[in-house]
Amino acid sequence: MLATLSITALQLALAVLSPAFAVASREQQPLGVDHTATQKRVTWDEHSLFIDGKRLFVFSGEVHPWRNPVQSLHLDVLQKLKAAGFNAVSIYFHWGVVEYERGVFRWNEIFDLQPFLDAAKEAGLYVIARPGPYVNAETTGGGFPGWGTRVEGLWRKSNKNYTEAYKPFVREFGALIAKNEITKGGPIILVQVENEYSGFGDGIEDFEYEWELLQDFKDSGITVPTVCDDAWLGGHFQSVDIYGWNSYPLGFDCSHPEVWHSAPPDYFYNLYNSRIRKHGPKSILELQAGGFDGWGGAGYDACGKLIGPEFERVFYKGMYGSAVKVMNLYMAFGGTNWGQLAEPGVYTSYDYGSILREDRRLRDKYYELKLQTQFLAVSPAYLTSTPWQLTESRQIEILKGTRNIVLTVLEDTLDLHTKFYIVRHKYFSKFDSINYRIELKTSIGAITVPKADHTLELQARDSNILLVDYKAGETHIIYSTAELYTWKEIDCFNYIILYGDPNEKHEAAFKVSELKDFSSLDTEEVEWTYQIDNAILTVNFAILEDGDTHTIKFGNTVLLVFCREVASKTWIMDTNPPAIVKGGYLIRSASIEGSHLNLKGDLTQATRLHILATKSVKQVTFNGKDVDTQPATDGWLYVMYTPELPDIKLPELSKLDWKRADSLPEITDSYDDSKWVTASNTYTPNREKPAVKEVLYASDYGFHSGNILWRGHFTASGGEDGFWAVVQGGQAFGYSIWDNGVYVGFWEGDVTTGRHRCNFKLPKSWESGEDHIITILQDHMGLEENWTAATEHFKAPRGIFDYGFNGASPKLVHWKLTGNLGGEKYLDIERGPLNEGGLYAERQGWHLPGFDDSDWKEGSPLDGLKEPGVAFYRTTFNLDVPSGIDYPMAIEYSNSTGSYYRSQIYVNGYQFGKYVNSIGPQKSFFIPQGILNYNGKNTLAISLWAMQGEGAHLNSLDLRILGKVEGGVGEIKNSPAPAWSERKDAY
Ligand code: IPT
């Protein structure tokens, strides 16, 4: 990704500097498609989307179904998003994996999108479908199929070769979308066409391509609105119904998680410019919610820290300040680049530092986000608000002279002039907090708050939303300096939850017809005044620590003041009437049956839940079990629940009985490569032409992933004493070379090199007439992405550009090559096209369960090899994990310094890890339940490619539990894991 990214950054810069690069000509009009509504369920105006006539904020999170090959786990992810307050999920499709062989679409179990769409519906989420055809997404080819490398001409352009290539895919996927639209009872509400169609290799925004692609999707039956996602506010692809764009304000340098640098101070608020002709709801189709991490990177916890809760507060609130109404967070759950899904820049985990980890546990930032989603969900006034135009000097006036705070005021023009005052730091990357007072324009006049003798505090890396004339149901909040989490009417009371950080002092004022039944449970710490003439109640309070709360009652209003930590761990359940559950790692759902409140959720430790529900509720059940339910003050109920987190026995991988076989017979004298493909092409459709006559590009022969092996057959002229080659495999790739089975040398790979030139001395100089075979084993790190439209970057070859000999030039007989068995006609239909590479073991199917290894020798990957080569290891073990608990597990390596080896993990036949010892950073490889059989036998296989002369071995190999949770979504069905059967034509 580094190389790709620097191109991207450069192009972004170019596009900003030179409009010609981004938009061909301002005069050139986009070709429009007729958008007269063909359906009535999803509509929009300049403010927001409507579903069935009802406005909503579309709060969506990105998930890639194909990055999780266990269909029954999707519901867990989706329920967690729902519980976080999302109302939608956005998905990229992956053309390359379903049409691996041109013209053949394979929707077999793990790649079928239907179960995901059904699970989204079950979880109560809408779906934004983003079918591409191009997606980027740090996946191989950016989602383009490998055979596309042989389709001549520019891609993402109205080049006939390309448009003919994508049309069958658009028909297939378009039909799937059409069938699952909300108009047909499905969850899909929006369709994004193309992806970041923003930077153009030839400088031309191809309106004809846009028009044709849109028309093709419409012809496949799609009727819901179409959207685009411009990479910046460049005004590209405006022929869709709703213009949308992307934003990654902090970039991807996870190695300095404290450094916020890339966003300019005026990043926010100036969202529209003259290039944007479409003024539909402001829509961000990708807003940064984590970061990808590359080979040799900092690891995903660092990305989760860089794009952590502070980022969510500052940047998401910035988006609200810009009146954004459709917002999709990239990623909400990243998943895994299992098989060979990765593009060369990234490794196996695609955790992304998201709110949900790769193993589906929740990060802290999950809870911060919940504060925002719940607030938006109860704030309809926001949906019709637009920002005031405020000069900097006017802002300083309103802030009573305070500088270095930037203020945006959103005003609802349709209702009672509700206002949202959003404050943030001008120098947002600093660590200072600022004290301030602010003049609020309320319905009872301009009021400078706080009126009390203290100031407000804008904490470092924070942003706050102050409310003015906000209607929380029947309660009229004149203003509040504390942020609102939610308000809910339960029985005859209106519960309003405000929050802030401990020790902050806040003030809120309410319109009350008379001061009836005022009480404060802790009057000492809450100061209040009541003005008879205007009937205004003003309360001042400090946010308490440690879960203590203020409860202030007046009339039917119950004001609850929580600290951020407590508010963020409070769950709002949509029972009728609603219920509020304070505490707990995750509460997924609730239902009321008579006097029972049935909660479903996940707990990691003994937890006290504090529950507010309708008064008929007397008894609580948790995950189906009755729990001792005690009444507390003010109608709350207490329950204490101790989850069952039994110890389970895990096998010690290093102590299992391992079998070992050689996986590089290709270097032995007796090896027969007659079934290999002969690299006989002398023409390549690829724009990058080789330096030698013969084309040695793997994709030209149908091999697009995993290890590639080359065998060059030569007759010596005599005197050849050196061999050199230029090999390309993508960043972090490596290769090893043998001459007639004798080791020549290796390239270990590094983070930035995708093409490498070597020059080796041959072990022995050749004698005239001798036959020699040069064997090269190389890694293929995935096809490049094709971020820039009207280019062919994804076609960057994998293989040998150039080679030659020193001393003398032998006669070439031919080159042969192999990748995965069958190439595009891959054999393992169930596990998909990318799961197998070209290692001998993979071609034979040794990674599959049921293979008979009884005549193999004993040997463990911890013993390894004493010489360069590839060994393959197999073992089996049983697991017996009780149901009702969710214990994510990982297989972990430890680093052996200075040792050059590469190793892959196969669990029940699925490749779930690619470890490069000298590069890293990933050592812990999460294996989901469903790939791991939690109740029965598992087959584990490990490949070990020792590159250096003295061989290599693993330091350690462990199966570890990453976390313990009681709960989950119930039974997980194992993904299909067909057993080995004889591969007749395997070689
Ligand atoms: C944006 C892509 O649209 C998305 O597919 C993914 O690659 C993401 O970046 C990074 O994870 S491209 C944007 C950074 C210019």
| request: Determine, yes or no, whether Thr183 is more than 16 Å from the ligand (Cβ to nearest atom), farther than 28 Å from Leu306 by Cβ, of a type outside the set (Asp, Glu) and surrounded by 19 or more Cβ atoms within 10 Å (Cβ to Cβ). | output: no
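Conditions (1) away from the ligand (no atom under 16 Å from the Cβ); (2) in a loop (DSSP other than H, G, I, E, B); (3) farther than 28 Å from Gly445 by Cα; (4) basic (Lys, Arg), marked per residue:
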site: Glu312; (1), (2), (3), (4): yes, no, yes, no
site: Lys317; (1), (2), (3), (4): yes, no, no, yes
site: Leu329; (1), (2), (3), (4): no, no, yes, no
site: Ser354; (1), (2), (3), (4): no, yes, yes, no
site: Asp359; (1), (2), (3), (4): yes, yes, yes, no
site: Leu376; (1), (2), (3), (4): yes, no, no, no
site: Leu383; (1), (2), (3), (4): yes, no, no, no
site: Leu390; (1), (2), (3), (4): yes, yes, no, no
site: Gln395; (1), (2), (3), (4): yes, no, no, no
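Among the listed residues Leu521, Leu515, which satisfies the condition of being surrounded by fewer than 23 Cβ atoms within 10 Å (Cβ to Cβ), without any contact (Cβ under 8 Å) to a residue 60 or more places away in the chain and in contact with a strand residue (DSSP E or B) (Cβ under 6 Å, 6 or more places away or on another chain)?
Leu515
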Looking across segment 529-538 at residues that are over 47 Å from the mean Cα position of the chain (by Cα) and closer than 20 Å to Val561 by Cβ, the single one that is modelled with the highest pLDDT is Ile536
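Being more than 16 Å from the ligand (Cβ to nearest atom) and buried (at least 24 other Cβ atoms within 10 Å of the Cβ), is that true of even one residue in segment 130-139?
No - not one qualifying residue is present in segment 130-139.
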**Request:** Could you please let me know if Glu205 is part of a loop (DSSP other than H, G, I, E, B) and acidic (Asp, Glu)?
**Result:** yes
Among (1) over 20 Å from Ser918 (Cβ atoms); (2) within 16 Å of the ligand (Cβ to nearest atom), Gln731 falls short only on (1)
Q. For Thr413, are the conditions met, namely being at pLDDT below 95 and surrounded by fewer than 19 Cβ atoms within 10 Å (Cβ to Cβ)?
A. yes
Exactly one of Lys167, Lys218, Lys157 is away from the ligand (no atom under 16 Å from the Cβ), touching a residue at least 24 places away in the same chain (Cβ under 8 Å) and crowded, with 21+ Cβ neighbours inside 10 Å, and that one is Lys157
Going through (1) under 38 Å from the mean Cα position of the chain (by Cα); (2) buried (at least 16 other Cβ atoms within 10 Å of the Cβ); (3) touching a residue at least 40 places away in the same chain (Cβ under 8 Å) one by one, Glu688 fails only at (2)
Per the filter on segment 764-793, residues more than 30 Å from His94 (Cα to Cα), of a type in the set (S, T, N, Q) and buried (at least 20 other Cβ atoms within 10 Å of the Cβ) are Thr775
Among the residues of segment 935-982, the number that are farther than 30 Å from Gly584 by Cβ, in contact with a helix residue (DSSP H, G or I) (Cβ under 7 Å, 6 or more places away or on another chain) and part of a loop (DSSP other than H, G, I, E, B) is 3
Note on segment 705-720: residues under 18 Å from Gly799 (Cα atoms) and hydroxyl-bearing (Ser, Thr, Tyr) are Ser705
| task | Scan segment 278-301 and give yes if some residue there is within 21 Å of the chain's Cα centre (by Cα), more than 13 Å from the ligand (Cβ to nearest atom), surrounded by fewer than 24 Cβ atoms within 10 Å (Cβ to Cβ) and assigned to a helix (DSSP H, G or I), otherwise no. | result | yes
Expected output for segment 327-338 (first residue among the hydroxyl-bearing types (Ser, Thr, Tyr), partner within 13 Å of the ligand (Cβ to nearest atom), Cβ below 7 Å, 6+ apart or cross-chain) is Tyr330/Glu62; Tyr330/Glu286; Tyr330/Leu287; Tyr330/Gln288; Tyr330/Ala289; Thr336/Arg67; Thr336/Tyr350
inquiry  = Looking at the structure I just gave you, is Ala661 surrounded by 14 or more Cβ atoms within 10 Å (Cβ to Cβ), under 24 Å from Asn576 (Cα atoms) and among the small types (Gly, Ala, Ser)?
reply    = no
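Quick test for you: out of Phe851, Phe912, pick the one residue that is under 27 Å from Trp295 (Cβ atoms) and not basic (Lys, Arg).
Phe912
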Apart from one, (1) on the phi > 0 side of the Ramachandran plot; (2) not in a loop (DSSP other than H, G, I, E, B); (3) not aliphatic (A, V, I, L, M) all hold for Phe912; the odd one out is (1)
Evaluate segment 780-792: report whether one residue or more is assigned to a strand (DSSP E or B) and in the same structural domain as Val692 (by TED's automatic domain parsing).
-> yes
Pairing a residue in segment 192-211 that is more than 15 Å from Ala231 (Cβ to Cβ) and not assigned by TED's automatic domain parsing to the domain that holds Asn786 with any residue that is of a type in the set (Lys, Arg) and at pLDDT 95 or above, where Cβ atoms lie under 6 Å and the two sit 6 or more apart in sequence or on different chains, gives Asp206/Lys157; Tyr209/Lys157
What about His454, is it in a loop (DSSP other than H, G, I, E, B), surrounded by fewer than 22 Cβ atoms within 10 Å (Cβ to Cβ) and not hydroxyl-bearing (Ser, Thr, Tyr)?
yes
Among residues of segment 186-209 being away from the ligand (no atom under 16 Å from the Cβ) and over 22 Å from Gln39 (Cβ atoms), the residue surrounded by the fewest Cβ atoms within 10 Å (Cβ to Cβ) is Glu208
Those residues of segment 620-655 which are crowded, with 17+ Cβ neighbours inside 10 Å, of a type outside the set (S, T, N, Q) and under 35 Å from the mean Cα position of the chain (by Cα) amount to Phe622, Tyr641, Pro643, Leu653
Considering segment 250-277, residues that are away from the ligand (no atom under 15 Å from the Cβ) and over 30 Å from Val240 (Cβ atoms), and then whichever is modelled with the lowest pLDDT, we arrive at Pro265
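The values are calculated or read from the model by the stated rules, or taken from the named source; none is laboratory data. Since the model is a prediction, treat every value here as computed from it, not as a measurement. Cβ coordinates were reconstructed from backbone atoms using ideal geometry, including for glycine residues, and neighbour counts include every protein chain displayed.
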